[in-house]
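The values are calculated or read from the model by the stated rules, or taken from the named source; none is laboratory data. Given the structure is predicted, the values throughout are model-derived calculations rather than measurements. With ideal geometry, Cβ positions are generated from the backbone for all residues, glycine too; neighbour counts draw on all protein chains shown. Ligands, DNA and RNA are stripped out before the accessible areas are found, and what is left, the full protein with its side chains, is counted by its heavy atoms. Shrake-Rupley method; radii C 1.70, N 1.55, O 1.52, S 1.80 Å.
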Amino acid sequence: MRSSPCSSTTMANDQPLTKEAILDAAAQVLRRYGPEKTSVVDVAKVLQVSHGTLYRHFPSKAALREAVTERWLLHISDDLQLIADQTQGSAQERLHLWFVTLISIKRTFRKEDPEMFSMYANVTLESVEIIQHHVNHLISQLAQIIEAGVKAAEFHTEATDVTAKAVFLATSRFHHPAHAREWSSATSEHDFENVWQLILTGLSTSGRN
């Protein structure tokens with residue numbers, strides 16, 4: 001017979017119920033049951049608290065899913081920021097590495113964590129504000145790298161922010177979840193390199209007067 005969940009704001013081991021603990025449990029349950037079948041009650045059972053306790057932290061199942069996705073997106077941004085902040089090597093190398101890393105993260109996530117990737121793909125359609133904030137952050141990183149390239153006379157652009165957004169959109173096929181089925185194509189990597197060469201040609205100062 002199952003024991004009744006406690007109703008306090010601490011878990012059964014008397015540790016405080018933190019946002020991170022809730023998100024860890026939610027991720028665990030989402031992987032087990034999938035985003036559609038997971039409920040707040042399921043997460044509460046893992047934490048051994050009442051579902052009412054969780055509702056004080058997250059007002060709905062949708063809010064909990066969004067928070068899990070937002071945390072994952074933050075990890076992506078942090079990893080990519082390390083590349084944007086690098087000072088060694090050329091801006092061209094950093095820009096290419098940034099895209100290769102983003103693409104690799106997304107593809108690995110889809111392959112190794114399909115339930116969570118499915119939730120992420122759904123959130124991109126349902127929670128525009130969260131996704132737009134993430135995209136804007138990524139574009140700002142691209143702008144940072146491109147600006148460094150301009151200062152080093154590697155790149156030429158009249159408007160760094162506009163160029164960064166255009167470059168991001170031009171590569172969306174390779175990292176946006178709406179195109180996930182195309183990622184397994186045998187020509188996907190070759191296609192990206194072709195797009196990359198086109199981008200590089202547009203940014204490069206070589207051959208300009």
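Please determine whether any residue of segment 71-94 is among the β-branched types (Val, Ile, Thr), in a helix (DSSP H, G or I), under 26 Å from His134 (Cβ atoms) and modelled with pLDDT of 90 or more. Within segment 71-94, one or more residues are among the β-branched types (Val, Ile, Thr), in a helix (DSSP H, G or I), under 26 Å from His134 (Cβ atoms) and modelled with pLDDT of 90 or more. Evaluating His179 against the criteria (1) closer than 16 Å to Thr101 by Cα; (2) open to solvent by 30 Å² or more (accessible area, probe 1.4 Å) leaves one unmet condition, (1). Of the residues that sit in segment 123-160 and are in contact (Cβ under 8 Å) with a residue 24 or more places away in the chain and out of contact with any Ser or Thr (no Cβ under 9 Å at 6 or more places or on another chain), which one is least open to solvent (accessible area, probe 1.4 Å)? This residue is Ile145.
Contact map, segment 15-29: residues that are within 15 Å of Val40 (Cβ to Cβ) paired with residues that are open to solvent by 70 Å² or more (accessible area, probe 1.4 Å), Cβ distance under 7 Å, separation 6+ or inter-chain. Pairs shown: Leu17/Thr9; Lys19/His57; Ile22/His57.
Please verify whether Phe117 is in contact (Cβ under 8 Å) with a residue 60 or more places away in the chain, of a type in the set (A, V, I, L, M, F, W, C) and under 13 Å from Trp72 (Cβ atoms), treating the condition exactly as stated. Against the criterion (in contact (Cβ under 8 Å) with a residue 60 or more places away in the chain, of a type in the set (A, V, I, L, M, F, W, C) and under 13 Å from Trp72 (Cβ atoms)), Phe117 qualifies.
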